[in-house]
Amino acid sequence: MTQLSKKIRAATVGLLVSAAIFAAGCSNTAVNQGGEVYYNAKIFTSDDDQPEASALVVKDGKISFVGSSDDALKFAGSGATSHDMGGSLILPGLIDSHAHYLAINTWTSDVLPLQIDLSMTHDQILEAVKDYAEQYPAEVAPVISGMGYGTDAKPLATELDKVVSDRPVVLTNSGGHGGWANTKALEMAGVTAATPDPSPGISYFVRDENGNPTGEFKEASTMAIMLQNLGLTSGKAIETRFPVFTQTVLSPYGYTSYYDAGLLVADEEESIDALSKAGANIRVFTSFVYRDPVPVDEFVSKMTSVRDKYTSDTVRPTTLKLFKDGTLEDYSSLMFENFSDHSGEGVEILDNDHMMAIARAAADKGFNLHTHAIGDKAISETLDLYRDLGDIEGTKTMAHVQILPEDGIQRFAEQTDVFYQTTPVWALGDEFTKSALGDDRYGRQMPLNTVSQNGTLLTFGSDAPVSNGLAGINPFTEMYHAVKRGESDDYDPPKSEGIDIATAIKAYTINGARQVNAGDEIGSITAGKSADFIVLDRDLLTVPTDEIKDTTVLQTYFKGNEVYNAQDQQGTAK
């Protein structure tokens, strides 16, 4: 989008807001604006200038008025259609600030992958694969796929061969940065001792002393080789699959926009082209994932070309995605010191010189920046990068942000232009993490309340299908964990890092909109913005914490149209 276009859009929004404010002041006179009036509601607007309201008016896909029920009815006039909301809570449409929904919908199989619980033991995983193979014979699932295995797995091809050897099996781990294949899968994918590693020491096939692949593989490039060579993914599948996924999964959870944090397993331009043709009822902000050693100029030129070709109201290819490190589960999160129970300090996927070159080139073209950083050294160096970049036109986001360095809280307080994006369920305590980090670093995880109080904007996302498989998509479960942390010993210490529900809601609404640089269009119930909002079955602001996770969306509205109604389980997409 050009600077001129942004100025025109900002001016238009400003005029709409001014008109609405003027109309609200003339509450004794019906101004006959028409439209749809939603009144007798409790509205949490996520707009600090007008935090609460009891009604909104929608016209031509936009919010034209927010205020009291009486004033809204007068503003709309006799020609409007009125909806009595019976006191229900209305929120802005939710925004998942980090997910891989497009990757989910590149799947070419008609059979859903096996969902492996993180807590399963090695033997339980093998038993689950065996049961899945019996449930879905080869004519139904010629390739067995699954996701979510945890740290108890022994990812050797010979282990999977014990339960399935006559067809390929390929699994991805809970962190989404590693995988496990049986011998048949390696053979059919063409992976042998002679197969070069995409990025030695970073993205590679684990090998035995003779150089033969053992069945385990690390990072996205090897995952792409395995999945694509086995015919499991294709960007073209998005065109038909994504609208159904939106209607049956995302809209029922109240999502009206989301940031896609990278395909990793399919061609980006092919996938964005398919997304543009899909016509799903959701606004998607997509990524370009940079992998060294692609020349910077070539990569940014392609980014710019794709953005210029495909940008629309619902498709926004506007963000550069970078990886600083891997995951704690793979001992590849980048640390200042060795892990407590494992040799090494993790993996640096991109050093800051490389990151600065691509980040500067992309920022100069107006792209947002979104960097994966989990370990304390990765977080520190990403903050260095963002500080050295200075002011940019786009936004700066750090994703996951799990193990803060010792000066991390101070650094975030000094750099409040950096969005802190994470997944609240990760704050649940577990013995593996405590063993890997030791007591000191274990207590420096995700200080959500402190950084928020210091002025940093929190944004929450599912990281699906990585975080708890598809279960992590439920935003109310994530909100629950963010709040419950302050009340329970089941989470990473200290309890003071639990947040209130209002902060959690903003992390899924206005803050998410600002992260993708669209805060003037979406994210709050504000006159002039897109009419994206949801109706809930309970008042999140007053119910006991334990009830937050049980919240149900009754209706989802996208651009003023009802796209989901709980009375129709298939949704009412238009």
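Quick rundown of the values:
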| quantity | calculated |
| --- | --- |
| Close pairs (9 angstrom Cβ cut-off, 6 or more residues apart or separate chains): among the acidic types (Asp, Glu) in the stretch 175-198, assigned to a loop (DSSP other than H, G, I, E, B) anywhere | GLU187/PRO168; ASP197/TYR204 |
| Qualifying residue in the stretch 313-323 (condition: out of contact with any Lys or Arg (no Cβ under 7 Å at 6 or more places or on another chain), over 19 Å from GLY175 (Cα atoms) and assigned to a helix (DSSP H, G or I)) | no |
| Residue that is surrounded by the fewest Cβ atoms within 10 Å (Cβ to Cβ) [pool: residues in the stretch 151-171 that are under 14 Å from HIS122 (Cα atoms) and touching a residue at least 40 places away in the same chain (Cβ under 8 Å)] | THR158 |
| Checking THR556 against (1) touching a Pro at 6+ places or on another chain (Cβ under 8 Å); (2) part of a loop (DSSP other than H, G, I, E, B); (3) β-branched (Val, Ile, Thr), the condition it does not meet | (2) |
| Residues satisfying the stated conditions in the stretch 434-463, i.e. among the polar types (S, T, N, Q) and touching a strand residue (DSSP E or B) at 6+ places or on another chain (Cβ under 8 Å) | GLN445, SER452, THR456, THR459, SER462 |
| Odd one out for THR551 among (1) of a type in the set (S, T, N, Q); (2) touching a residue at least 12 places away in the same chain (Cβ under 8 Å); (3) farther than 19 Å from THR423 by Cβ; (4) assigned to a loop (DSSP other than H, G, I, E, B) | (3) |
| From the options ILE90, ILE43, ILE116, residue that is β-branched (Val, Ile, Thr) and touching a Lys or Arg at 6+ places or on another chain (Cβ under 8 Å) | ILE90 |
| Any hit, the stretch 73-89, residues being of a type in the set (Phe, Trp, Tyr), in a helix (DSSP H, G or I), crowded, with 23+ Cβ neighbours inside 10 Å and within 29 Å of the chain's Cα centre (by Cα) | no |
| Residues that are surrounded by fewer than 16 Cβ atoms within 10 Å (Cβ to Cβ) and touching a residue at least 40 places away in the same chain (Cβ under 8 Å), drawn from the stretch 363-395 | LYS365 |
| In the stretch 345-362, the residues that are among the small types (Gly, Ala, Ser) and without any contact (Cβ under 8 Å) to a residue 60 or more places away in the chain | GLY346, ALA359 |
| Only one of VAL66, VAL129, VAL140, VAL58 that is assigned to a loop (DSSP other than H, G, I, E, B) and either touching a residue at least 12 places away in the same chain (Cβ under 8 Å) or outside the structural domain of SER165 (by TED's automatic domain parsing) (or both) | VAL140 |
| Restricting the stretch 267-304 to residues that are among the hydroxyl-bearing types (Ser, Thr, Tyr) and within 27 Å of GLU219 (Cβ to Cβ), the residue that is surrounded by the fewest Cβ atoms within 10 Å (Cβ to Cβ) | SER301 |
| Matching entry among GLU239, GLU209, GLU187, GLU216 (being assigned by TED's automatic domain parsing to the domain that holds ALA278 and charged (D, E, K, R)) | GLU239 |
| Odd one out for GLN410, checked against (1) surrounded by 16 or more Cβ atoms within 10 Å (Cβ to Cβ); (2) at pLDDT 95 or above | (1) |
| Positions within the stretch 184-205 being more than 19 Å from LEU264 (Cβ to Cβ) and crowded, with 18+ Cβ neighbours inside 10 Å, in sequence order | LYS184, LEU186, MET188 |
| Unmet criterion (only one of (1) in contact with a Ser or Thr (Cβ under 9 Å, 6 or more places away or on another chain); (2) of a type in the set (Lys, Arg); (3) more than 18 Å from ASP325 (Cα to Cα)) for ARG167 | (1) |
| Matching helices (runs of 4 or more DSSP H) fully within the stretch 417-510 where at least 1 residues are over 23 Å from LEU334 (Cβ atoms) and touching a Ser or Thr at 6+ places or on another chain (Cβ under 8 Å) | 448-453, 475-484, 501-507 |
| Residue selected from the stretch 209-223 under the condition touching a strand residue (DSSP E or B) at 6+ places or on another chain (Cβ under 6 Å) and either part of a strand (DSSP E or B) or modelled with pLDDT of 95 or more (or both), by the criterion surrounded by the fewest Cβ atoms within 10 Å (Cβ to Cβ) | THR214 |
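Matching residues to (1) farther than 30 Å from ILE403 by Cβ; (2) touching a residue at least 60 places away in the same chain (Cβ under 8 Å):
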| site | (1), (2) |
| --- | --- |
| GLU478 | no, no |
| ALA527 | yes, yes |
| ARG538 | yes, yes |
| THR545 | no, yes |
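A quick yes/no check of all residues on (1) over 22 Å from ALA99 (Cα atoms); (2) of a type in the set (Phe, Trp, Tyr); (3) not in a loop (DSSP other than H, G, I, E, B):
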site: GLY344; (1), (2), (3): yes, no, no
site: HIS354; (1), (2), (3): yes, no, yes
site: ARG360; (1), (2), (3): yes, no, yes
site: HIS372; (1), (2), (3): no, no, yes
site: ALA378; (1), (2), (3): no, no, yes
site: THR382; (1), (2), (3): no, no, yes
site: ASP388; (1), (2), (3): yes, no, yes
site: GLY394; (1), (2), (3): no, no, no
site: THR397; (1), (2), (3): no, no, yes
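The values are calculated or read from the model by the stated rules, or taken from the named source; none is laboratory data. It should be emphasised that the depicted structure is a prediction, and the values quoted were computed from it without experimental measurement. Cβ atoms come from the backbone with ideal geometry, glycine included; neighbour counts cover every protein chain shown.
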